[in-house]
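First comes the structure, then the notes that go with it.
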Amino acid sequence: MVGNFISMIRLTLIIVFFIAGMTDCIAGNIIRNGVPWFDADGNIVNAHGACIVEDGGKYWLFGEYKSDESNAFPGFGCYSSDNLVDWKFERVVLPVQQNGILGPERVGERVKVMRCPSTGEYIMLMHADDMKYKDPNIGIAVCDRIDGDYELLGTIEYEGQPIKRWDMGTFQDEDGTGYLLIHHGPIYRLSKDYRSIEAKVADVKGMGESPAMFKKDGIYYLLTSHTTSWERNDNYYFTASSIEGPWENQGLFCPPGSLTYNSQCTFVLPLINNGEMIPMYMGDRWSFPYQASAATYVWLPMQTDGTKLFIPEYWQAWDVDYISKAESKGVSIAHLWSSNTPGDKLSLPFNGQRISIIGKSDNQSGYAEVRIKNKEGDVLHTSLVDFYSKTEDLGPRFVSKSYPEGDYILEVEVTGKNPVWFNKKGDRFGSTDCFINVSEFVVE
Ligand code: GLA
């Protein structure tokens, strides 16, 4: 009798778990790469050169709160999430300062935050510069709450001198020691309170920009990019069994020519999934000069095998709970359309909740203005969407937010604008034309 009762409870539990599992599968926590994301208020998630801190049972995303008007420091923003997919904008935690290294008409990039285990204080490090990138510094700000007002203390110094370098990253070791990573090699150990630098522990020969580090199974992995400004390149990595080195260049971690799946590394989140640590790659797909609207994110699970590190395949969409590729849902509508005439517009009425635009990005393409209207003609959403990439790619360029089931109109307009920029040497980068190439829509 007791045995039967226990079996019944077991069966009930199995059924409950099975249904819960199924619901998860259907709903899914899906990360969609290379398309703008929308926060809980319906605004585009604006957190570039970012990092994620896990704290108090939540994920906190810090990043450059870019604008479409200028490359000047716009403040660093903070978002929170329970699942890495649905982000709530908390606030700008470090605004433009009245003067100093992050005053008006300065550059502020690659914000990284860590909680100092010995003091409980939150330490923010960043690259601060002038608009021509000729006055690089590493700035430090502190706060006693993760999403509070950070106080900018100034520059962090090494042997009494400011570090006159630009791209940076941070790494927190398993024993709580904090490190500052600097482009082209230097690794500094922070003091116990994380407020100063204690020692330079390594200088990694052959390193490039945008350093990001993680540790798995006793091996340190250090990711880096080549120096190509906002353009993407084939990022590579080093490994070492001690942070002091020796560091060994291990080559690429994405297929050659994919330009790191069209992104530049910024951070690696140690994602705990079913008791296993999965290093989650976080990269930027820059879109200069309309970074706030059109720069997107590429976040992918990485695999390790000894000193080998790789992301074997680009998953445009993946389930962060199951670490598996997500198949696209919805009804596909084939629609070939290509134009480089500013003002040319494609209009598509649809019935449903959400629409995706599938199209080609290449080095002759530019920005589309994408609008969603309700059947009364009110504009529910409008933003610039980037169709440029140095290497050709066919895939989703835009996935709308989810609206109440109904009748809507999607408009895609050629703007004539395209991403073009120059590096310090005056070399031209970016697109040669302003094409928009659409091939399909998917309605859910
Ligand atoms: C590189 C850096 C970025 C930014 C741009 C500016 O991509 O990694 O952080 O400074 O250059 O061109």
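The values are calculated or read from the model by the stated rules, or taken from the named source; none is laboratory data. These figures come from a predicted structure and were not determined experimentally. Virtual Cβ from ideal backbone geometry, glycine too; neighbours counted across all protein chains shown. These area figures cover heavy atoms from the full protein model, side chains too; ligands, DNA and RNA do not enter into them. Shrake-Rupley method; radii C 1.70, N 1.55, O 1.52, S 1.80 Å.
Highlighted here are the strands (runs of 3 or more DSSP E) found entirely within the range 122-192 that include at least 2 residues which are within 15 Å of the ligand (Cβ to nearest atom) and either among the basic types (Lys, Arg) or under 23 Å from the mean Cα position of the chain (by Cα) (or both): 122-130, 137-143, 168-172, 178-182. For the residues Asp167, Asp175, the requirement of being among the acidic types (Asp, Glu) and free of Cβ contacts under 8 Å to residues at least 40 places away in the same chain singles out Asp175. Against the list (1) acidic (Asp, Glu); (2) over 15 Å from the mean Cα position of the chain (by Cα); (3) open to solvent by less than 10 Å² (accessible area, probe 1.4 Å), the condition Glu276 fails is (3).
Could you please let me know if Ile323 is of a type in the set (Val, Ile, Thr), closer than 24 Å to Glu54 by Cα and open to solvent by less than 70 Å² (accessible area, probe 1.4 Å)? The answer is yes for Ile323. On inspection, Ser400 qualifies as closer than 27 Å to Ser81 by Cα, of a type outside the set (A, V, I, L, M) and crowded, with 20+ Cβ neighbours inside 10 Å. Within the range 86-122, the set of residues being out of contact with any strand residue (DSSP E or B) (no Cβ under 6 Å at 6 or more places or on another chain) and closer than 20 Å to Asp173 by Cβ comprises Pro117, Ser118, Thr119, Gly120.
Considered as a group, the residues in the range 47-70 that are under 17 Å from Val92 (Cα atoms) and open to solvent by 10 Å² or more (accessible area, probe 1.4 Å) include one that is farthest from the ligand (Cβ to nearest atom), and that residue is Tyr59. Pick out the one residue from Ala199, Ala212, Ala141 that is of a type in the set (Gly, Ala, Ser) and more than 30 Å from Leu309 (Cα to Cα). It is Ala141.
Out of Gly63, Gly77, Gly42, one residue alone is within 29 Å of Ile358 (Cα to Cα), in contact (Cβ under 8 Å) with a residue 12 or more places away in the chain and part of a strand (DSSP E or B). It is Gly63.
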